[in-house]
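Notes follow once the structure below has been shown.
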Amino acid sequence: MNVIEVKIDAALLEDFVQICASWPLEGIWEEKEDTLKLFVLERQTENIVSKLEALGISFRIEMLEDKNWNAEWESKFDIVRVGDFCLIYAPFHNVRAEARHNILMQPKMAFGTGHHETTYMMIERMSSLDFDQRRVFDYGCGTGILSILAEKMGASEVFALDHEEPAFANSIENAEINDCNHIAVHLGTLEQVTDQCFDIILANINYAVLRQSADQLLKLAKDNSVLLLSGILQSQTEEIIDQYTQAGWKFVNKIQKGEWSCISLHR
């Protein structure tokens, strides 16, 4: 197997992860804040190299030594604890301590396992919301982690949406292994979501997508609904707040973790 080390501007890192999620990769790992490792079968190397060259991204290629890379991946996937509110773990973890909500994740290529600051903050903000019998929209569901948590917190129905095949499949799998029965996972784009109305909207995507979504998300929101946004760098926060308030949303507050922000709004 080959590994392609990719250097990318940290501000564009999450956008790039979204792009390469649909590529024929065996795995992806964030090595440093501006470096990713893409694990590629030899027969797909030329394909991936051409995609990187088309994007103008610098990279180098290595040949991996023969070893159990699944075990290597498992050794780096740590349990995530968000206070005593939520515990996120994988099937290979020996979990003894529990939180109010335990979530079992099958780690694959989809974004959103709780390790990244954006997902962590979304979970943290969700802890203060009332999900009981609420209709929830998880826009850009990734692994489905926020949808799963919403159901565990009492949501009556969760509409999960992602335009990437790996995320779609991973969300379905994770919902099943967490015994969730009220999550409907959809493959598609925001423009295809019509004739829907939600009490709570969760959007942990990226700056570029969020910039385009303010008006459409407002159309999907009930009166007094709550909107949580993340996937936004601190330097982008005020622009997103301005754009959403101009669209008709009311700013509530924001929190920050590392270089990232999470914004709360309501209609």
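The table that follows gives values for the structure above.
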read-out: 14 Å beta-carbon shell around Glu239, net charge (K/R +1, D/E -1); value: 0
read-out: Cα gyration tensor category, rounded, prolate or oblate, for segment 113-266 with a/c compared to 1.5; value: rounded
read-out: Where labels lie 7 Å past Cα in the beta-carbon direction, separation of Glu98 and Ala11 in nm; value: 4.6
read-out: Flagged links, alpha-carbon separation over 24 Å, of Lys152/Lys222; Lys222/Lys257; Lys51/Lys257; Lys37/Lys152; value: Lys222/Lys257; Lys51/Lys257; Lys37/Lys152
read-out: Dipole axis of segment 113-266 (+1 Lys, Arg; -1 Asp, Glu on Cβ), positive-most option in Gln133, Ala167, Val252; value: Val252
read-out: Those residues of segment 233-247 whose amide nitrogen sits under 15 Å from the label point placed on Asp215, 7 Å along Cα→Cβ; value: 243-247
read-out: Gain in span if fully extended, Glu62 to Lys222, counting 0.36 nm per residue against the direct Cα distance; value: 52.5 nm
read-out: Of Ala167, Ala214, Ala99, the one that fluctuates the most in a GNM where the chain has Cα springs shorter than 10 Å; value: Ala99
read-out: Rg/Rg_globular for segment 226-267, with Rg_globular taken as 2.2 N^0.38 Å and Rg from C-alpha atoms; value: 1.04
read-out: Relative contact order for the chain, counting Cα pairs under 8 Å that sit 6 or more residues apart, in percent; value: 14
read-out: Cα-centred dipole magnitude for the chain, charges only on beta-carbon of K, R (+1) and D, E (-1), debye, nearest 20; value: 600
read-out: Computed E for Gln243/Ser128 - FRET, C-beta separation, R0 25 angstrom, nearest 0.05; value: 0.55
read-out: Cα-based helix-to-principal-axis angle, 45-55 vs the chain, degrees rounded to 10; value: 50
read-out: Computed FRET value (nearest 0.05) for Asn181 with Phe85, which takes r as the C-beta separation and R₀ as 30 Å; value: 0.85
read-out: Over the chain: helical MRE at 222 nm, DSSP H runs n ≥ 4 each giving -39500 (n - 2.57), nearest 500; value: -8500 deg cm²/dmol
read-out: FRET efficiency, 1/(1 + (r/R0)^6) with R0 25 Å, evaluated for Phe251 and Ser156 via beta carbons; value: 0.35
read-out: Counting DSSP beta bridges with both ends in the chain, the antiparallel % (nearest 5); value: 60
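No lab work stands behind these numbers, since they all come straight from the coordinates. What you see is a predicted model; the values in this text were computed from it and never measured. All Cβ positions, glycine included, derive from the backbone under ideal geometry; neighbour counts span all protein chains shown.
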